[in-house]
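What follows is a single structure, written as structure tokens, with notes after it.
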Amino acid sequence: MSDNIIHLVLARLPDSPKDVKGISLFIVPKFLINEDGSLGERNPVSCGALEHKMGIKANATAVINLDGAKGYLIGEVNKGLACMFTMMNAARLGCGMQGLGLGEAAFQGALAYAKERLQMRALNGPKAPEKAADPIIVHPDVRRMLLTQKAYTEAGRAFTAFLALQLDIEEKSPDAEARQEAADLVALLTPVAKAFMTDNGYLATNLGMQVFGGHGFIREWGMEQLVRDCRISQIYEGTNGIQAIDLLGRKVLMDQGQKLRKFTKRIHKFCEANSADSRLTPFLEPLNGLNKQMAEITMQIGMGAMMNKDEAGAAATDYLRLVGHLTYGYFWAWMAKVALEKLDAGSAETGFYEAKVKTAQFYFSKLFPEIHSLIVTLKAGAKPLMDLEEDHFAF
Ligand SMILES: Cc1cc2nc3c(=O)[nH]c(=O)nc-3n(C[C@H](O)[C@H](O)[C@H](O)COP(=O)(O)OP(=O)(O)OC[C@H]3O[C@@H](n4cnc5c(N)ncnc54)[C@H](O)[C@@H]3O)c2cc1C
């Protein structure tokens, strides 16, 4: 389909260090280029196979064989990983969007199904007495699943719009301080966007399958494909475990929490500016409570990690989820504020804005409280993970 193909390849030169500090980036073309720019000799780089994957099957993943192929260095020797990060940060945000989009698609399917599928009666008496049974959307447990999908996807949308705005500010603002602040927020929140949105996306696709009951497991209904397609988003572009280590290690502890403080300061200001509106108290109180605890929790992990580095590794995944809820809590409180203002101003879209406020109530009552168990497990530290002898795992 094209005259030439180039591959960006990470490889180690023979005398380079054996760890990630010894990786360089190369460009490996299918056809070598002659002096005059015309296509030359065939470079021995070839597609060895296409992988058989669990999902994203229309997107071919290839095994590439490099049989003594010639590559050309891009950038400096041993700086390949830094070069690759030019692509990785954008790819991580894109990957988060993949989780978000698949969660949204699952929600749309599940919502339509829940309104149509008739099964049993509402616990408080029939809601559709003219029908043989009530639609399953009347059941609290089905509503739990739908609202979890809705709350995570709508917060994810607000989050990605916010990040897109920060990217624009980082690139285009004439104010150097604003550019730096935006760059810091993007750096801090990129691993959160990648991991929290894909973990929640996977949860949302699984809930979509569950709302469909037995049909969810049957291929024709489309839900199982969303689950399979979403699963890779937690693995590639750096596993979510690695995102968590990046957040806690590189983005938070390495700069003594400076970037995190920029974010918590912003949330603190938001809570303060809106404290007079008592309708927002159920949202602002828990948000402000977590926001105030972040410094202490982070410091505790940092102190523990100074004595034993495993303390940071043990805390990372819970920590990322905690920052995820801090972020979504901020956006749900913000969305509720805007919705109440619109309703006060007599907006004609009352259903839309009332739904925003009620979904914020659901989020803060049913999803945000996960922070309490996260804080407990974070504080349990590395010992319960590291105590078991490797040989004893099999017993
Ligand atoms: C469909 C598909 C497409 C892909 N496309 C590309 C592509 O285009 N370009 C490309 O370069 N790569 C691509 N990859 C590779 C992908 O990015 C990696 O598979 C992924 O980043 C995970 O790395 P790994 O497989 O080496 O896992 P490993 O690093 O072996 O990790 C295995 C497990 O150990 C954990 N782990 C590893 N190290 C640590 C640590 N220090 N602390 C805590 N936990 C740890 C991980 O979180 C994971 O759970 C693709 C993979 C797939 C499946």
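Where the centre of each part is set by its Cα atoms, how far does segment 247-292 sit from segment 1-28, in angstrom?
Their Cα centres are 41 Å away from one another.
Around HIS7, which amide H atoms from residues at least 5 apart in sequence, or from another chain, sit under 5 Å from its own amide H, with H modelled in the peptide plane?
Amide H to amide H, under 5 Å and 5 or more residues apart or across chains, HIS7 pairs with VAL28, LYS30.
Would you give the gap between the C-alpha center of segment 90-108 and the C-alpha center of segment 330-378, rounded to a whole Å?
About 21 Å separates the Cα centre of segment 90-108 from the one of segment 330-378.
Counting only other residues whose beta carbon sits under 12 Å from that of ALA60, what net charge do I get with K and R as +1, D and E as -1?
Value of the local net charge: +1.
Report, in degrees rounded to the nearest 10, the 0 to 90 angle that the Cα long axis of helix 140-172 makes with the longest principal axis of the chain.
The angle comes out at about 50 degrees.
Show me, for segment 205-219, the HN-Hα J-couplings you get by feeding each phi into the Karplus relation (A = 6.51, B = -1.76, C = 1.60, θ = phi - 60°), rounded to Hz, glycine and proline as x.
So the Karplus estimates, Gly and Pro as x, are 5, 5, 5, x, 4, 5, 4, 6, x, x, 4, x, 8, 8, 3 Hz.
Among residues other than ALA69 whose Cβ falls under 14 Å from its Cβ, what is the net charge (Lys/Arg +1, Asp/Glu -1)?
+1
Defining a contact as two alpha carbons under 8 Å apart and six or more residues distant in sequence, what relative contact order in percent does the chain show?
Across the chain, relative contact order equals 14 percent.
Per DSSP H run of n ≥ 4, the term is -39500 (n - 2.57); total these for the chain, divide by its residue number, and report the mean residue ellipticity at 222 nm rounded to 500 deg cm²/dmol.
It comes out at -20000 deg cm²/dmol, rounded to the nearest 500.
Give a residue-ordered list of calculated ³J(HN,Hα) values for segment 238-249 (Karplus: 6.51 cos²θ - 1.76 cosθ + 1.60, θ = phi - 60°; whole Hz; x for Gly, Pro).
Values, residue by residue: x, 4, 5, x, 6, 4, 5, 5, 4, 4, 6, x Hz.
At a 1.4 Å probe, what is the % contribution of carbon and sulfur to the accessible area of segment 220-284?
Its accessible area is 57 percent carbon and sulfur atoms.
Quick query: amide H of GLY40 versus all other amide H atoms, modeled in the peptide plane; which residues come in under 5 Å with a sequence gap of 5 or more or a different chain?
Those qualifying (amide H under 5 Å, at least 5 residues apart or on another chain) are LEU32, ILE33, ASN34.
Identify the chymotrypsin sites (Phe, Trp or Tyr not before Pro) of segment 163-264 meeting these criteria: DSSP loop state and at most 16 other C-beta atoms within 10 Å of the C-beta.
Answer by residue number: TYR236.
Roughly speaking, what is the centre-to-centre gap between segment 138-200 and segment 33-86 when only Cα atoms are used, to the nearest Å?
Centre-to-centre (Cα) distance: 32 Å.
Take the Cβ-Cβ distance between PHE395 and ASP36 as r, set R0 to 56 Å, and report the resulting FRET efficiency rounded to the nearest 0.05.
0.25
Could you do me a favour and compute the accessible area per residue for segment 80-238, 1.4 Å probe, result in Å²?
47 Å²
Starting from segment 27-72, pick out the GluC sites (Glu not before Pro) whose DSSP state is loop and whose Cβ has at most 12 other Cβ atoms within 10 Å.
Of the GluC sites (Glu not before Pro), the ones in loops of segment 27-72 whose Cβ has at most 12 other Cβ atoms within 10 Å are GLU35, GLU51.
If you add up the charges near LEU147, with Lys and Arg at +1 and Asp and Glu at -1, over every other residue whose beta carbon is less than 12 angstrom from its beta carbon, what do you get?
Overall, the nearby charge balance is +3.
Using a 1.4 Å probe over the heavy atoms of the protein chains, calculate the carbon and sulfur portion of the accessible area of segment 1-156 as a whole percent.
Using a 1.4 Å probe with all protein chains present, segment 1-156 comes out at 59 percent carbon and sulfur.
Quick one: which residues, 5+ away or cross-chain, put their amide H under 5 Å from the amide H of ILE74? H built at 1.01 Å from N.
LEU25, PHE26, ILE27
With θ set to phi - 60° and the Karplus curve 6.51 cos²θ - 1.76 cosθ + 1.60, what are the ³J(HN,Hα) couplings of segment 337-343 in order, to the nearest whole Hz, using x for Gly and Pro?
Taking θ as phi minus 60°, the curve returns 4, 4, 4, 5, 4, 5, 5 Hz for segment 337-343.
Do any GluC sites (Glu not before Pro) in segment 299-395 lie in a loop, going by DSSP, with at most 13 other beta-carbon atoms within 10 Å of their beta carbon, and if so which?
Listed in order of number, the matching sites are GLU349, GLU389.
Could you pull out every one of the lysines with an alpha carbon less than 28 Å from that of LYS115, ignoring same-chain neighbours closer than 8 positions?
Straight-distance partners of LYS115: LYS127, LYS131, LYS150, LYS356, LYS358, LYS366.
The values are calculated or read from the model by the stated rules, or taken from the named source; none is laboratory data. Every value quoted in this text rests on a predicted model; they were computed, and no experiment measured them. No Cβ is skipped: glycine too gets one built from the backbone with ideal geometry, and neighbour counts run over all protein chains shown. Remember, those area values only see protein heavy atoms, side chains included, never the ligands or the DNA or RNA. Shrake-Rupley method; radii C 1.70, N 1.55, O 1.52, S 1.80 Å.
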